[in-house]
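Here is the structure we will look at, set down as structure tokens.
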Amino acid sequence: MHRRRGGGDVQGVARQQDAYGYGPVCIDRAARGQGVLEALYRELVARRPDREAVLFIRADNPRCAARPSPLGMREVAGFVLDGGAFIVLSTRSVPSPG
């Protein structure tokens, strides 16, 4: 369990000791919908297949909070930070015990 600034506990986040935060990723409007995000993510996973990627997105961001994740990540947790609700996505689909 991780304590975040602003209160609230986050369970199920970064279960691997060497997990990394993925993002933020900003795609130019002209390039959106052309698979740029997916290609970037595929390359990253190919280079780091043994590491867990963790992504935090604002729950009120309709473009990013769309389900299912275009990257194949799974929602594993959520938290509130400074009044904003966040969704936690991970490349790991099942929280580890403990």
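Of the conditions (1) modelled with pLDDT under 85; (2) loosely packed, with under 10 Cβ neighbours inside 10 Å, Pro70 fails just one. Which one is it?
Failed condition: (2).
Pick out the one residue from Arg47, Arg58, Arg32, Arg51 that is over 24 Å from Ala85 (Cβ atoms), touching a residue at least 24 places away in the same chain (Cβ under 8 Å) and not acidic (Asp, Glu).
Values: Arg47 fails: touching a residue at least 24 places away in the same chain (Cβ under 8 Å); Arg58 fails: over 24 Å from Ala85 (Cβ atoms); Arg32 fails: touching a residue at least 24 places away in the same chain (Cβ under 8 Å).
The conditions single out Arg51.
Criterion first (among the aromatic types (Phe, Trp, Tyr) and modelled with pLDDT under 90) does Phe79 satisfy it? Quick ask: steps written out before the conclusion?
Numbers: among the aromatic types (Phe, Trp, Tyr): yes; modelled with pLDDT under 90: no.
Taking the combined requirement at face value, the residue does not satisfy it.
Please state which one of Arg32, Arg51 is surrounded by 12 or more Cβ atoms within 10 Å (Cβ to Cβ) and not aliphatic (A, V, I, L, M). Reasoning before the result, please.
Details: Arg32 fails: surrounded by 12 or more Cβ atoms within 10 Å (Cβ to Cβ).
Testing whether each residue is surrounded by 12 or more Cβ atoms within 10 Å (Cβ to Cβ) and not aliphatic (A, V, I, L, M) leaves just Arg51.
The values are calculated or read from the model by the stated rules, or taken from the named source; none is laboratory data. None of the values given here were measured: they were computed from a predicted structure. Note that we place each Cβ from the backbone using ideal geometry, even for glycine, and neighbour counts take in every protein chain shown.
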